[in-house]
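Chemist: Below is one structure. I have some questions about it.
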Amino acid sequence: MEEMGRIAIGALSKQTGTNIETIRYYERVGLLPAPGRTAGGYRLYGPDHLKRLTFIRRARALGFSLAEVRRLLTLSDQRRRPCADVRVVAAAHLEDVKGKIADLRQMERVLKETVARCDAGSGSNCPMIDALYTDGAPGGRGRLLLPVPPLPS
């Protein structure tokens with residue numbers, strides 16, 4: 001369904017690779033402005049929606065949180081874009097990424113060590129299973145081998 005350069009949500013979804021429910025969610029949380037509607041109630045998106053959704057998708061692909069995307073969009077919407085403010089958001093995100101990389105390297109090391117301790121699977125004692133049950137508390141079956149990263153906020 002097209003009307004004067006406007007496209008339906010399905011076409012927007014295909015053009016951007018964004019799930020339809022995700023597009024609706026971005027509208028609900030205010031990242032994407034509500035589109036106009038046809039007399040039948042169908043959403044019709046214009047070029048500005050496509051541009052903004054592409055921005056959101058690229059930012060999310062770089063790992064920016066929704067709050068960070070919102071801040072970047074706010075800065076982008078300003079006539080005089082304060083690049084220094086954008087840099088602050090991006091620099092803070094870069095530090096988060098570096099921390100996650102360090103956590104992943106530690107997880108890789110621990111998993112590598114644990115996998116190396118596993119034998120060919122002939123015995124009933126499996127170091128990997130034991131490591132997953134271990135909580136490191138007194139009375140536990142050993143030290144905690146697999147670090148559990150904090151949940152994203």
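Chemist: Can you spot a residue in the range 46-59 that is outside any helix (DSSP H, G or I) and of a type outside the set (A, V, I, L, M, F, W, C)?
Modeler: yes
Chemist: Please state which one of L50, L62, L111, L66 is closer than 23 Å to I7 by Cα and of a type outside the set (D, E, K, R).
Modeler: Testing whether each residue is closer than 23 Å to I7 by Cα and of a type outside the set (D, E, K, R) leaves just L50.
Chemist: Same structure again: Out of everything in the range 99-120 that is among the charged types (D, E, K, R) and farther than 19 Å from R60 by Cβ, what residue ends up being modelled with the lowest pLDDT? Full working, then the answer.
Modeler: Keep residues of the range 99-120 that are among the charged types (D, E, K, R), which gives 100, 103, 105, 108-109, 112-113, 117, 119.
Within this subset, residues satisfying the condition of being farther than 19 Å from R60 by Cβ are 103, 105, 108-109, 112-113, 117, 119.
Details: D103: 95, R105: 96, E108: 93, R109: 90, K112: 87, E113: 83, R117: 79, D119: 63.
Only one residue fits best here, namely D119.
Chemist: I'd like to know if the range 47-58 contains one or more residues that are touching a Pro at 6+ places or on another chain (Cβ under 7 Å), open to solvent by less than 90 Å² (accessible area, probe 1.4 Å) and either in contact (Cβ under 8 Å) with a residue 12 or more places away in the chain or at positive phi (or both).
Modeler: Within the range 47-58 (the criterion being touching a Pro at 6+ places or on another chain (Cβ under 7 Å), open to solvent by less than 90 Å² (accessible area, probe 1.4 Å) and either in contact (Cβ under 8 Å) with a residue 12 or more places away in the chain or at positive phi (or both)), the answer is yes, since at least one residue qualifies.
Chemist: Also, quick follow-up: For the range 2-46, how many residues meet the condition of being at positive phi and open to solvent by 70 Å² or more (accessible area, probe 1.4 Å)?
Modeler: Qualifying residue count, the range 2-46: 1.
Chemist: Next question, about the same structure. Would it be correct to say that E95 is assigned to a helix (DSSP H, G or I), touching a helix residue (DSSP H, G or I) at 6+ places or on another chain (Cβ under 7 Å) and of a type outside the set (A, V, I, L, M, F, W, C)?
Modeler: Judged against the criteria, E95 is not a match.
Chemist: Additional query: All but one of (1) at pLDDT 95 or above; (2) out of contact with any Gly (no Cβ under 8 Å at 6 or more places or on another chain); (3) not acidic (D, E) hold for A34; which doesn't?
Modeler: All conditions pass for A34, except number (1).
Chemist: Starting from residues that are assigned to a loop (DSSP other than H, G, I, E, B) and of a type in the set (A, V, I, L, M, F, W, C), keep the ones in the range 17-45 and report whichever is nearest to V86 (Cα to Cα).
Modeler: Ranking the candidates gives L31 first.
The values are calculated or read from the model by the stated rules, or taken from the named source; none is laboratory data. Nothing here was measured: the structure is a model prediction, and the numbers come from that model. Counting neighbours? That spans all protein chains shown, and the Cβs are built from the backbone with ideal geometry, glycine included. These accessible areas exclude ligands, DNA and RNA; they are computed on the full protein's heavy atoms, side chains included. Shrake-Rupley method; radii C 1.70, N 1.55, O 1.52, S 1.80 Å.
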